[in-house]
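Trainee: One structure coming up, written as structure tokens, with questions to follow.
Just so it is clear, none of the values below were taken in a lab; they were calculated from the coordinates. Computed from a predicted model, the values in this text were never measured in an experiment. For neighbour counting, all protein chains shown are included, and Cβ atoms are generated from backbone atoms with ideal geometry for every residue, glycine included.
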Amino acid sequence: MDTITDPAALAAALASERPPLLLDVRWQLGGPPGRPEYEAGHLPGAVYVDLDSQLAGPPGASGRHPLPDLTGFAAAMRRAGVTRDRAVVAYDGGQGWAAARAWWLLRWAGHPSVAVLDGGLPAWTAHGGPLTTEEPAAAEGDFVPEPGALPALTADEAAALARRGVLLDARAAERYRGDVEPIDRVGGHIPGAVSAPTAQNVGPDGRFLPADRLAERFAALGATPGAEVGVYCGSGVSAAHQVLALAVAGVPAALYVGSWSAWSADPGRPVATGPQPG
């Protein structure tokens, strides 16, 4: 388990002698908080993890969802029961962004086996999977982060990558062009970045496109296994989903965690607008 899993495979894994640890990461930009949804019903054995407080640091100059303090992140993951020798499966309400953020952070921090439940909780229930309101008493984990297992970019590195490689902008196309900007200081994109909306990684059911179709999509954007690829979004959440989609397609990619929220907060950073050339 190192990218995605489906409900049938997850059900089989949960029935095995060494079931994975489940993390419920339901979250929506701007709320409401996911904890009440977790308490109303979640996968049996799942532990709730809060994206804003446990999978990100306080918002500021480094972005709206910067990397969390490593000590605090490690403690939160151990409280959730994360151990190095047990697989982890993260899921959310179906969009996949929050679960992908948990996937990326744990993989970046050196956990060897993390997957996202493709389609999240809706896919699980559609498959006939049960839900419960019982909260497990998670045994303390032993996970010790070793950051750097997945590549991360600084703002300067993202700018340089846009010039020499392929930097994908995972936001909606209208935000890339600068037509609208509902959240950050200014609209537009990092000069040289390529528009690649995260929403196009999935089908109408919210599940990832097949690996070959994802590979075709990214190849058309210049993101191939031999290219140097980076991704950013608004605040490093939907871009994690894009990095996961690229991994499914067999394309390694680096994440600019600060993303547009950090880039646009610095008035010294250049901003491009309009459609990409060609």
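Trainee: Quick one: go through the stretch 74-112 and flag any residue whose amide nitrogen is under 13 Å from the point 7 Å out along the Cα-to-Cβ line of ARG18.
Mentor: Inside the label zone: 83-88, 112.
Trainee: Provide the FRET efficiency to the nearest 0.05 for the ASP266-GLU146 pair, computing r from the beta carbons and using R0 = 22 Å.
Mentor: Values: r = 30 Å, r/R0 = 1.36.
Plugging the Cβ-Cβ distance into 1/(1 + (r/R0)^6) gives 0.15.
Trainee: Just to confirm the number: angle between the C-alpha axis of helix 70-79 and the first principal axis of the chain, 0 to 90 degrees, nearest 10?
Mentor: Between helix and principal axis, roughly 30 degrees.
Trainee: In whole Hz, what ³J(HN,Hα) sequence does the stretch 250-258 give by Karplus (6.51, -1.76, 1.60; θ = phi - 60°), x for Gly and Pro?
Mentor: Result, ordered by residue: x, 10, x, 8, 9, 10, 8, 5, x Hz.
Trainee: Going by average Cβ neighbours within 10 Å, how do the peptides 142-153, 41-52, 113-124, 194-205 rank, with the highest at the top? If you can, show how the numbers build up before the last one.
Mentor: Values: 142-153: 15.7, 41-52: 19.7, 113-124: 23.6, 194-205: 17.4.
Output ranking for 142-153, 41-52, 113-124, 194-205: 113-124, 41-52, 194-205, 142-153.
Trainee: Moving on to the next point. Suppose every Lys and Arg Cβ carries +1 and every Asp and Glu Cβ carries -1, with no other charges. What dipole size does the chain come out with about its Cα centre, to the nearest 20 debye?
Mentor: Details: 20 positive and 29 negative charges, 105 e Å.
Taking the Cα centre of the chain as origin, the dipole is about 500 debye.
Trainee: Relative to the longest principal Cα axis of the chain, at what angle does helix 155-164 sit, 0 to 90 degrees, rounded to 10?
Mentor: Orientation of helix 155-164: about 60 degrees from the principal axis.
Trainee: Here is a follow-up. Please say if the stretch 4-126 is rounded, prolate or oblate, where rounded means a/c under 1.5 for a ≥ b ≥ c the square roots of the C-alpha gyration tensor eigenvalues, and otherwise the choice is prolate for a/b larger than b/c and oblate otherwise? Can you show the working numbers first?
Mentor: Details: a/c = 1.90, a/b = 1.31, b/c = 1.45.
Note, shape of the stretch 4-126 comes out oblate.
Trainee: Okay, next question. In degrees, nearest 10, range 0 to 90: what is the angle between the Cα axis of helix 97-108 and the longest Cα principal axis of the chain?
Mentor: The answer is roughly 90 degrees.
Trainee: Projected onto the charge dipole of the chain (+1 at Lys/Arg Cβ, -1 at Asp/Glu Cβ, origin at the Cα centre), which of PRO130, LEU51, LEU22 gives the Cα projection farthest towards the positive end?
Mentor: LEU51
Trainee: With the Cα gyration tensor of the stretch 152-263 giving a ≥ b ≥ c as the square roots of its eigenvalues, does the rule (a/c under 1.5 for rounded; else a/b larger than b/c for prolate; else oblate) give rounded, prolate or oblate?
Mentor: On the way: a/c = 1.84, a/b = 1.26, b/c = 1.46.
In terms of gyration-tensor shape, oblate.
Trainee: Right, next: For the stretch 218-278 and the stretch 61-132, what is the separation of their Cα centres, given in Å?
Mentor: One Cα centre to the other: 21 Å.
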